[in-house]
2 protein chains.
Amino acid sequence: MKKVYNFNAGPSILPRAAIENTAKAVLELGDSGLSLIEISHRSKDFENINNECIALWKELLNIPEGYHVLFLGGGASMQFCMLPYNLLNKKAAYCDSGVWAKKALKEAKLFGEVVTVSSSADKNYCYYPEIKDIPTDADYLHITTNNTIYGTEIHKDIDSPIPVVADMSSDILSRPIDVSKYAVIYGGAQKNVGPAGVAFVVVREDVLGKVQRQIPTMLDYRTHIGEKSLFNTPPVFAIYAMCETLKWVKAQGGVAKLAEINKKKAVMLYDYLDNESKMFVGAAEKSSRSLMNICFVMADQYKAKEEEFMNVTKAAGMVGIKGHRSVGGFRASTYNALPVEAVQALVDCMREYEKKNA
Amino acid sequence: MKKVYNFNAGPSILPRAAIENTAKAVLELGDSGLSLIEISHRSKDFENINNECIALWKELLNIPEGYHVLFLGGGASMQFCMLPYNLLNKKAAYCDSGVWAKKALKEAKLFGEVVTVSSSADKNYCYYPEIKDIPTDADYLHITTNNTIYGTEIHKDIDSPIPVVADMSSDILSRPIDVSKYAVIYGGAQKNVGPAGVAFVVVREDVLGKVQRQIPTMLDYRTHIGEKSLFNTPPVFAIYAMCETLKWVKAQGGVAKLAEINKKKAVMLYDYLDNESKMFVGAAEKSSRSLMNICFVMADQYKAKEEEFMNVTKAAGMVGIKGHRSVGGFRASTYNALPVEAVQALVDCMREYEKKNA
């Protein structure tokens, strides 16, 4: 198998152990004589997998009593409407920190009044907007903790007078968080948690049941809480692969340990951008920089070389380096499973290119 | 790997070739150096898989122009609310042929008036109710073509003065159908089509855009039509495995050929029940019998032996034979991927048990 450095923004690199264990289970689950994708979701085997996965979530994030962990289909995008369906009675507050935050906000408007508490749209979302003056009469405040496209991240669990709902699709499990400060944490799995095809929802039970509207069964969190996400056939494969990924997180020493390594990776690249390079420039404002998605562009006088450098990274076995079209340039996604070595290889590649071409 | 006869009702047996090819792709997709679950859904590789899968659907079911094939998360249960969201303006007609039909009907009630055109609830759904007097002022008629729990199936494409919407979760691709007689065909993949984690929707474009309500983006079929199911990150693994399953269907000679084999399997078991056994009795009325889920019980005087026989089948390497609690007895699901040999083994097992115990 050829050596590749996978900097994809999502779906993205996953731990090799999780991939190999999952591939093995697709061939045969244990010694059952059946593939993982041929077993009943009502079987003892799958019940154990589902329970183990829930238990690992609770352990790794130190989730307090009163919260439920759900595994749902449809991705984080489905949560954009499921959330207001379940939580928005009259008014909700949204922080507009990027395209995904804006998409979440748009769906909420179908269900009630939406107030934008802060926005960084004025500078193409290159910083994380300060959240202040949260309206106390809103049902909840929605934030997107990491903005994959722009490489910005909020680095703290904010204090809020109203329940906080957080889309943590792209930084969940990358750093310790205080779950008790959130009413709902959700996201698509396909960055730090597992393959595409499942969304996670960590929800505090006491925020539910307060809206007046009738909620379709599948869109009601209480349906899935009551059945431990097995109301209907769940995405069996994706839950298995997620469980294997969480086992790997635990084996690495948990979220705090991964946070150290993630910081090391990010500092390596940001340091090069800030203190050494004259050719490459970080895209996001320093105080808002993401530890998961590191966006950079070429300085104005080198802009014409961006395509050439892209080809250089490709030749060096790097994939997924191209920046999102709305930012341009480059983006190195440095999720949990990306080894330090990959970032070192990228920095080496940048340094060498700069030496030859500056 | 030990020999198992997989009679699971769903998730259920899949073609071994599809399983092995998919497991291989989880380890490495082609010679990309990446796992299938690590590639971007915007990559050329995945675009090709998605396009091939759509093309195979169109080819295998001979889908006419004007229809779109969608791959969505959330399962068929999510479609129970998505359908009325998109199609129900004032009134819808539902055929109540079992638990799943009833669940679909219940969700529709949140969106408008619902008329039950026919029901077999009076006899615990042991027959497929005759559909007549379809209200011409309803927006659509909803049917469930195969009732997994009760082992009943409608064996024809009905004529209807209003658009027909069909849940074909458990008999899609098992027999040729005339797609032009349906406005929407949908279902969960996890029987004849692939693993759990993806639902298919075949929708005729001209039935959309006629409702007044605002539809959340992810619940609007038009969102997914416009993006070929890639509006957000799709269930990559499930689509790949589905594509491999469809390739197998094609390699077997297509749906018509599989229908012949499915008939052969069903006749083998039903013949034994009708013409030979005094111990086992078919559960569904003859004219309504499913070719996918064959339900049978023990005759009254042998009822006490059901558990013992269940253990005999287990010892013979059979899984998933237990009937649903609402029917009792036994259920042999004989989906496309189940070999004739498995049904023969079951009939042999029944015959031998009867000989010893009658």
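The values are calculated or read from the model by the stated rules, or taken from the named source; none is laboratory data. Note that the coordinates shown come from a computational prediction; the quantities given were computed from them, not determined experimentally. Cβ atoms come from the backbone with ideal geometry, glycine included; neighbour counts cover every protein chain shown.
Brief remarks follow.
- Among the residues of region B:24-40, those that are in contact (Cβ under 8 Å) with a residue 60 or more places away in the chain and at the interface with another protein chain (Cβ under 7 Å from one of its Cβ atoms) comprise B:V26, B:I37, B:I39.
- Any hit, region A:172-189, residues being part of a loop (DSSP other than H, G, I, E, B), basic (K, R) and within 14 Å of chain B (Cβ to nearest Cβ): no
- The set of residues in region B:76-126 being away from chain A (no Cβ under 14 Å), touching a Phe, Trp or Tyr at 6+ places or on another chain (Cβ under 8 Å) and aromatic (F, W, Y) consists of B:Y125 alone.
- Contacts under 7 angstrom Cβ, first residue in region A:45-62 being within 15 Å of A:V179 (Cα to Cα), partner surrounded by fewer than 16 Cβ atoms within 10 Å (Cβ to Cβ) and of a type outside the set (S, T, N, Q), 6 or more apart: A:L56/A:K250; A:L60/A:K250
- Tally, over region B:209-226, of residues that are among the hydrophobic types (A, V, I, L, M, F, W, C) and within 8 Å of another protein chain (Cβ to nearest Cβ): 2
- Residues that are assigned to a loop (DSSP other than H, G, I, E, B), surrounded by fewer than 17 Cβ atoms within 10 Å (Cβ to Cβ) and acidic (D, E), drawn from region B:93-150: B:E130, B:D133, B:D137
- Taking the criterion of being closer than 25 Å to A:L14 by Cα and surrounded by 14 or more Cβ atoms within 10 Å (Cβ to Cβ), the residues of region B:43-52 that qualify are B:S43, B:D45, B:F46, B:E47, B:I49, B:N50.
- Region A:227-256, residues that are away from chain B (no Cβ under 14 Å) and more than 17 Å from A:Y335 (Cα to Cα): A:K228
- Number of the condition not met by A:A55 [criteria: (1) within 12 Å of chain B (Cβ to nearest Cβ); (2) surrounded by fewer than 20 Cβ atoms within 10 Å (Cβ to Cβ); (3) not β-branched (V, I, T)]: (1)
- Residue in region A:6-23 that is touching a strand residue (DSSP E or B) at 6+ places or on another chain (Cβ under 9 Å), in a strand (DSSP E or B), within 11 Å of chain B (Cβ to nearest Cβ) and buried (at least 23 other Cβ atoms within 10 Å of the Cβ) present: yes
- Residue in region B:263-281 that is surrounded by fewer than 16 Cβ atoms within 10 Å (Cβ to Cβ), modelled with pLDDT under 95 and within 22 Å of the chain's Cα centre (by Cα) present: no
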